[in-house]
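The values are calculated or read from the model by the stated rules, or taken from the named source; none is laboratory data. What you see is a predicted model, and the numbers here were worked out from it, not measured in a lab. Glycine gets a Cβ as well: all are built from the backbone with ideal geometry, and neighbour counts include every protein chain shown. Side chains are part of the model used for accessible areas, which takes the heavy atoms of the whole protein and leaves out ligands, DNA and RNA. Shrake-Rupley method; radii C 1.70, N 1.55, O 1.52, S 1.80 Å.
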Amino acid sequence: MHITNAQNDIESILFSETQLRSRVAELGAQLTAEYADKHPIVVCILKGASFFYADLCRMMQCHISMDFIAVSSYGAGSQSSGVVRILKDLDTSITGRHVIIVEDIIDSGLTLKHLRELLSARKPASIKTVCLLDKHERHDPHIAADLCGFRIPDAFVVGYGLDYAGYYRNLPYIGVLKRAAYA
Ligand code: PRP
């Protein structure tokens, strides 16, 4: 089974399914209270945020619309350049709407910063950024998300949507990848 092989490459589990479920429920409750009458558009940044997004949306007890955006970072290598190219744009207009951008992880923080600027130019009523994981040591604190699931150290994490070379997204937990799997 593919999933068994994937699990063999995990050094340690950083957040179990139970821990993820519990924290996502807290975030969902917080957003439910905040957006009760606002009918927000909740935006998923593909692909890494997909599982977090699906779970978070199900934890929101108010009216929401769902939309998806796919972006690619310009520039070579694994470092984000911060300039994003839209591969798939939103289907709906966000002008005058309350928008919640859902991201899986902030590393340099540049993707989220740029996306926020890009969507702000469309004149939404408000924008909030939510990320599951924040590698806070890696970026300027001024570009942190408005709402964050967990602050994490600078480790190579995969699972629950996060990948290495396109794999490991389907692990149900977030784990640290063994060095041998990528070195
Ligand atoms: C990852 C992640 C964030 C971004 C974070 O996306 O999902 O969008 O990098 O990096 P940054 O804070 O340094 O900008 P990736 O480009 O790997 O695409 P994916 O979501 O499809 O995995």
Open item on the list: On the principal axes of its Cα set, how long, how wide and how thick is the stretch 18-153? Give whole Å, largest value first.
Closed with: 42, 35, 24
TODO: Using only Cα atoms, tell me the angle between helix 110-120 and the longest principal axis of the chain; keep it within 0 to 90° and round to the nearest 10.
DONE: 20 degrees
Task: Accessible area per residue, Å², the stretch 36-145 with all protein chains present, probe 1.4 Å - done: 49 Å²
TODO: May I ask for the Rg/Rh ratio of the stretch 99-183, computed from Cα atoms with Rh as the Kirkwood radius, given to two decimals?
DONE: 1.02
TODO: Only helical DSSP H runs with n ≥ 4 go in: add -39500 (n - 2.57) per run for the chain, normalise by residue count and round the 222 nm mean residue ellipticity to 500 deg cm²/dmol.
DONE: -8000 deg cm²/dmol
- [ ] Could you point to the residue in 112, 19, 153 farthest towards the positive end of the chain's charge dipole, with +1 and -1 charges on the Cβ of Lys/Arg and Asp/Glu respectively?
- [x] 112
Open item on the list: Can you compute the charge dipole magnitude of the stretch 30-183 about its Cα centre, using +1 on each Lys and Arg Cβ and -1 on each Asp and Glu Cβ, nothing else charged? Give it in debye, rounded to the nearest 20.
Closed with: 200 debye
Task: Farthest positive-ward along the chain dipole, Cα basis, beta-carbon charges - from 36, 101, 68 - done: 68
Task: Spatially proximal lysines relative to residue 123 (Cα-Cα < 26 Å; intrachain offsets below 8 disregarded) - done: 38, 47, 88, 113
- [ ] Work out, step by step, the length gained on full extension between residue 137 and residue 123: first 0.36 nm times the residue separation, then minus their alpha carbon distance; give nm to one decimal.
- [x] 1.9 nm
- [ ] Report, to the nearest 10°, how far helix 17-34 tilts away from the longest principal axis of the Cα atoms in the chain, using its own Cα long axis and a range of 0 to 90°.
- [x] 10 degrees
- [ ] Only Cα pairs under 8 Å and at least 6 apart count here; give the relative contact order of the chain as a rounded whole percent.
- [x] 24 percent
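Using a 1.4 Å probe on the protein heavy atoms, what percent of the accessible area of the stretch 18-153 belongs to carbon and sulfur?
52 percent
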- [ ] For the stretch 80-140, state which trypsin sites (Lys or Arg not before Pro) are in a DSSP loop and have at most 15 other beta carbons lying within 10 Å of their beta carbon.
- [x] 122
Task: Cα-based helix-to-principal-axis angle, 50-59 vs the chain, degrees rounded to 10 - done: 50 degrees
